[in-house]
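Structure first, then comments.
The values are calculated or read from the model by the stated rules, or taken from the named source; none is laboratory data. Because the structure is a prediction, the values reported are computed rather than measured. We place every Cβ from the backbone using ideal geometry, glycine too, and count neighbours over all the protein chains shown. Please note that ligands, DNA and RNA were not included when accessible areas were found on the heavy atoms of the full protein model with its side chains. Shrake-Rupley method; radii C 1.70, N 1.55, O 1.52, S 1.80 Å.
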Amino acid sequence: MKTVTVAIADNNPARRANLEQSLQGEQDIQVFKNVLSKEVEASVERGPDPRTDMAEIEDVVARIGRLKPRILFVNLDESTRGVALLEALYREYPETLLVMLTDKSAKDADILHALASGARVCLDYEAAPSSFLKAVRVVDRGAVWVTRRMRGKLMYNVWHRAIS
């Protein structure tokens, strides 16, 4: 049985711990700990700051480059950092499969942008723990997983662009 390596790029320690816990205990999944530096973790308390956002993104991209996880869970937060991080990771490490984490405040346009930027799954933080495990399995097989509502929006965008 092949081991799937998973990393979690979320600057909220409680959410990250919950996700780590939902994935642990599976013999074929290895969860990397401490993907984010202390400075990036502290950014959740500071809030968005354009001056430091790029440095934080570069720090995360460098760490992911060293770890080389098969799957990376990425926080799509209320700022543009989540999408910018997805774009940078997809550009630098296209072999790392990206899973986007959102909450109820996520805008459809941001989710669509993130999917266009390489995310293969969009999951809410409040999803059942089994959903995170399912996401790892689905993405590891090379598939994409989005909600029915988002599939409709994706198809609308595809048709709209094809007609334009």
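Treating cross-link reach as a plain straight distance, find the lysines whose alpha-carbon is under 29 Å from the alpha-carbon of residue 134, omitting any fewer than eight places away in the same chain.
2, 33, 68, 104, 107, 153
Quick one: longest stretch of the chain between exposed loop trypsin sites (Lys or Arg not before Pro), exposed meaning at most 11 other C-beta atoms within 10 Å and loop per DSSP?
The answer is 34-103.
Please work out whether segment 90-160 counts as rounded, prolate or oblate from its C-alpha gyration tensor, where a ≥ b ≥ c are the square roots of the eigenvalues and a/c under 1.5 means rounded, while otherwise a/b larger than b/c means prolate and anything else oblate?
The shape class here is oblate.
Leaving out ligands and nucleic acids, and using a 1.4 Å probe, what accessible area per residue does the chain come to in Å²?
56 Å²
Pop out the carbon and sulfur fraction of the accessible area of the chain as a percent, whole number, probe 1.4 Å.
Percent of accessible area from carbon and sulfur atoms in the chain: 53.
With runs of 4+ DSSP H residues as the only contributors, calculate the mean residue ellipticity of the chain at 222 nm using -39,500 (n - 2.57) per run, divided by the residue total and rounded to the nearest 500.
Value at 222 nm, helices only, nearest 500: -16500 deg cm²/dmol.
What is the ratio of the Cα radius of gyration of the chain to 2.2 N^0.38 Å, with N the residue count, to two decimals?
1.00
Can you give the log10 of the normalised intensity I(q)/I(0) at q = 0.18, 0.26, 0.30 Å⁻¹, computed with Debye over equal Cα scatterers of segment 124-164?
Values returned for q = 0.18, 0.26, 0.30 Å⁻¹ are -0.65, -0.89, -0.98.
Could you give each residue of segment 94-106 its phi-based ³J(HN,Hα) in whole Hz, using Karplus coefficients 6.51, -1.76, 1.60 with θ = phi - 60°, and x for Gly or Pro?
x, 6, 7, 8, 9, 10, 9, 10, 10, 10, 5, 7, 5
Quote the relative contact order of the chain in percent (integer), defining contacts as alpha-carbon pairs under 8 Å separated by 6+ residues.
Relative contact order of the chain: 20 percent.
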